[in-house]
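Visitor: Sending over a structure as structure tokens; questions will come in a sec.
The values are calculated or read from the model by the stated rules, or taken from the named source; none is laboratory data. Since the model is a prediction, treat every value here as computed from it, not as a measurement. Here the Cβ is made from the backbone with ideal geometry for all residues, glycine too, and neighbour counts use every protein chain on show. Protein only, heavy atoms only, side chains kept; ligands, DNA and RNA dropped before computing areas. Shrake-Rupley method; radii C 1.70, N 1.55, O 1.52, S 1.80 Å.
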Amino acid sequence: MLLGQVPEAVVWAIYFAPVASTLLITAGLIARRLFGFAFHDAWAGRLTILAIFISFLAALWALDSSIGADGEALGFEPHLWLNLFDLHIEMGVRIDGLSAIMAVVVTSVSLLVQIYSVGYMHGDSGYARYFAFMSLFTAAMLGLVLASSLLQLFVHWELVGLASYLLIGFWFHRPSAAAAAKKAFIVTRFGDFAFLLAVLLIFGKTGTFDIHEINELALAGALSSSVLVGFTLGLLSGAIGKSAQFPLHIWLPDAMEGPTPVSALIHAATMVVAGVYLIARMFPSFEAAPAEVLDLVAYVGGFTALLAAVLGLVQTDIKRVLAYSTISQIGYMVLALGVLGYVAAIFHLFTHAFFKALLFLGSGSVNHATHTFDMRRMGGLRSYMPITYVTFVIGALSLSGVFPLAGFWSKDEILLDAWKYDKLLFVIGVIVAFMTALYMFRAIFMTFWGEYRGGEEPEAGHDDFSTHPHESPPSMAFPLMILAVPAVLAGLFALGSDFTHLIEGSLPAELRHGKPSIEGIVVAASLVAALAGIGVAAAVYLYRNPASEAVAARLGPLPGIVERKYYLDFLAETVVVRWILNAGLQRIADLFDRYVVDAIVNGIGTATRLAGDGLRRAEAGYVQAYTSLFFIGIVIAVVVVALLGTDVVSR
């Protein structure tokens, strides 16, 4: 431990610094709008960078303290937030090896993305609004990571969804961006609803939201198998939605409609790994559940990794290539958790955050020069953009798992755990490794090699510094160079047992397995798959022997099916939404409302009106008639009472 024990106030500062920047920027925008206050857009970027820099420094201190505590939780007691009769709800922060690593990942990547955004978003009319949304997202993600309570985690889980909706639809004047934001928000709601049910179920059975207590009760056998199955499947559903796993993966590629720095931060490094973090945070509960639950987790991850890797092979938009790569790599992490590779999953999360953010920012740099994301309109950019080219290749090599870059070490740990647990999952992992290298170097050869194919004209209102491709300004190039360093070196944490010791410190002692051994067959298969993928990409897309068109022609209808995303979007958007919900259920609901609900309401109204008419006619003004009816009523009442009181009816 280099510094002393981190105070609790400093840990709270990790969260409240971006909260403060969100409020200050929002207040400045409101004051400018209503009172003409001189709030300059540049202040928004500076406030956000300053706030996240403070969070980053505080997160480093928290990580240092966590290392000193061997990854075990620091002793911060929760605070009573609500006390209502028998309901006691507490909120607090939990710093252990898992949350400390996550806090550093979120703040470091976010800080570099904000610096990059200063250049990328320069001249945009929504510049200040963009940084307000970015601050909100970072605060929500940090609140999720640091939460000691499952309720607190769920609240920030939903805030992350809100911030993502705002950022995906940032350019809301574009119909495609508005539609993508709605799609992301609605699709993830399915998983979030199941997550909410899981939270309510576990609170009803345990009477607590405290994550540590829930995990302890699960391991102690205090919860029945049925409760654990319902609880963990609800958590898994939430993770499937937020981390874009099959079948709720369809929102993530469309989310690329947001600004590229948004894609780098939310959809590569932080938001999409929230589901992985959730499973890891509740890992003792998954361990205590019947074994079939973890098997389901593993196969959901493995199937998603393979499904998305195939889709990445046919994309022509460079951001969509990276989007499907993200889905595939998150699938890798989920697979690792399912095969008891707790440390491997978090290690890959750690390394993936840096090289995937690097790749997304590299795609934004390319777009800045060519005004397009279509790789068919690029080509030859390595001579115009040397910094972008070199850093992008570093990111691609790391993602492909080439020795000795960071991705090699983390990917191999996942494959090793899969080899020990289930050979079929290992084979799937190796195939995905081959495809990853193939689609990444396909993107590199189409984008940076060959002849430049002209790009596109810049949109109105955007600066155009040159009619030819050009390297990005320093504010964009600097984060690329910084992110290239951990993309190369972050894997060195795997050389000792320190990282394993730190991450496993967040688990109960009985679930700690120590550093895994190295298997030669796993390393060999991983490297051969990666190098084979690069070789095939070079043959098809660089030397065109065979040409990609010839390969596609030999595969028959398969490329067309993959290009249409296996018709999954068609099933979700057209069959389910338009035909079943809109044309089917909506029509049935309309008919039910019209002929059943309206008929009942109108019938009650008609009956009331008729009864009123009858009573109105009875009110004729004849006192003798009223008296006669009064006495008849009394006689009837007396007879009824007499019959009931003397048991005449029963006799």
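Visitor: Percent relative contact order of the chain, based on C-alpha pairs within less than 8 angstrom and at least six residues apart?
Guide: It comes to 12 percent, rounded to a whole number.
Visitor: In whole Å, what is the distance between the alpha-carbon centres of region 9-40 and region 44-96?
Guide: 21
Visitor: A further question follows. Report the equivalent ellipsoid semi-axes for region 564-618 in whole Å, largest first, defined as the square roots of five times the eigenvalues of the gyration tensor built from alpha carbon atoms.
Guide: Equivalent ellipsoid of region 564-618: 48, 5, 4 Å, largest first.
Visitor: Further question: Under a 1.4 angstrom probe, counting protein chains only, how are R442, R564 ranked by accessible area, largest first?
Guide: Largest accessible area first, the residues go R564, R442.
Visitor: Still on this structure, I have one more. Once phi is turned into θ = phi - 60°, what whole-Hz ³J(HN,Hα) does the Karplus curve with 6.51, -1.76 and 1.60 give for every residue of region 500-513, x standing for Gly and Pro?
Guide: Result, ordered by residue: 4, 4, 5, 5, 6, x, 7, 9, x, 4, 6, 9, 8, 10 Hz.
Visitor: Hey, if we sort S65, S517 by accessible area with the 1.4 Å probe, largest down, what's the order?
Guide: Most to least solvent-accessible, the answer reads S517, S65.
Visitor: How high is the relative contact order of region 1-289, given as a whole-number percent (alpha carbon pairs under 8 Å, six or more residues apart)?
Guide: 18
Visitor: Show me the ranking of peptides 297-304, 37-44 by mean Cβ neighbours inside 10 Å, starting with the highest.
Guide: 297-304, 37-44
Visitor: I've got another one for you. Among Y116, W81, V93, which residue has its Cα furthest toward the positive end of the charge dipole of region 56-161, with +1 on Lys/Arg Cβ and -1 on Asp/Glu Cβ?
Guide: Sorting the options by dipole projection puts first Y116.
Visitor: Here's a follow-up. Based on the Kirkwood radius over alpha-carbon pairs, what is the Stokes-Einstein translational diffusion coefficient of region 391-497 at 20 °C with 1.002 mPa s viscosity, in µm²/s?
Guide: 130
Visitor: Still on this structure, I have one more. Using alpha carbons only, how many angstrom separate the centre of region 151-190 from the centre of region 233-260?
Guide: Spelled out, the Cα-based centre of one part sits 11 Å from the other.
Visitor: Work out the length of the dipole vector of region 1-289 about its Cα centre, built from +1 on the beta-carbon of each Lys and Arg and -1 on the beta-carbon of each Asp and Glu, and round it to the nearest 20 debye.
Guide: 1120
Visitor: I would also like to ask the following. Once you order the gyration tensor axes a ≥ b ≥ c over the Cα atoms, which shape class does region 75-206 get: rounded for a/c under 1.5, otherwise prolate or oblate by comparing a/b with b/c?
Guide: Here region 75-206 falls in the oblate category.
Visitor: Does region 280-358 classify as rounded, prolate or oblate by the C-alpha gyration tensor (a ≥ b ≥ c root eigenvalues; a/c under 1.5 gives rounded; else a/b over b/c gives prolate, otherwise oblate)?
Guide: Oblate shape, in that a/c is at least 1.5 and b/c is the bigger or equal ratio.
Visitor: Can you tell me the alpha carbon radius of gyration of the chain divided by the globular rule-of-thumb value 2.2 N^0.38 Å?
Guide: Taking the Cα Rg and dividing by 2.2 N^0.38 Å, one obtains 1.18.
Visitor: What number, in percent, do you get for the relative contact order of region 288-406 if the mean sequence gap of Cα pairs under 8 Å and at least 6 apart is divided by its residue count?
Guide: After rounding, I find 24 percent.
Visitor: Which of rounded, prolate or oblate describes region 478-617 when judged by the alpha-carbon gyration tensor and an a/c cut-off of 1.5?
Guide: Here region 478-617 falls in the oblate category.
Visitor: If the only charges are +1 at each Lys and Arg Cβ and -1 at each Asp and Glu Cβ, what is the size of the charge dipole of the chain around the Cα centre, to the nearest 20 debye?
Guide: Computed charge dipole of the chain: roughly 1460 debye.
Visitor: For region 493-612, give the percent of accessible area contributed by carbon and sulfur heavy atoms, probe 1.4 Å, rounded to a whole number.
Guide: Taking all protein chains in place, region 493-612 shows 67 percent carbon and sulfur surface.
Visitor: Right, next: Order W81, W449, most accessible first, counting only protein heavy atoms with a 1.4 angstrom probe.
Guide: W81, W449
Visitor: Quick one: accessible surface of Y567, probe radius 1.4 Å, all protein chains present, in square angstrom to the nearest 10.
Guide: For Y567, solvent-accessible area is about 100 Å².
Visitor: Based on the Cα atoms of region 1-289, what semi-axes does the equivalent ellipsoid have, where each is the square root of 5 times one gyration tensor eigenvalue, given in whole Å with the largest first?
Guide: 32, 23, 17
Visitor: Near the amide H of S243, under 5 Å away, which other amide H atoms are found, from residues 5 or more places off or on another chain, if H is placed in the peptide plane?
Guide: Excluding prolines and chain starts, which carry no amide H, the hits are G275.
Visitor: Could you give me the ³J(HN,Hα) list for region 131-139, computed from phi with Karplus coefficients 6.51, -1.76, 1.60 and θ = phi - 60°, whole Hz, x at Gly and Pro?
Guide: Each residue of region 131-139 in turn: 6, 5, 5, 5, 4, 4, 4, 4, 4 Hz.
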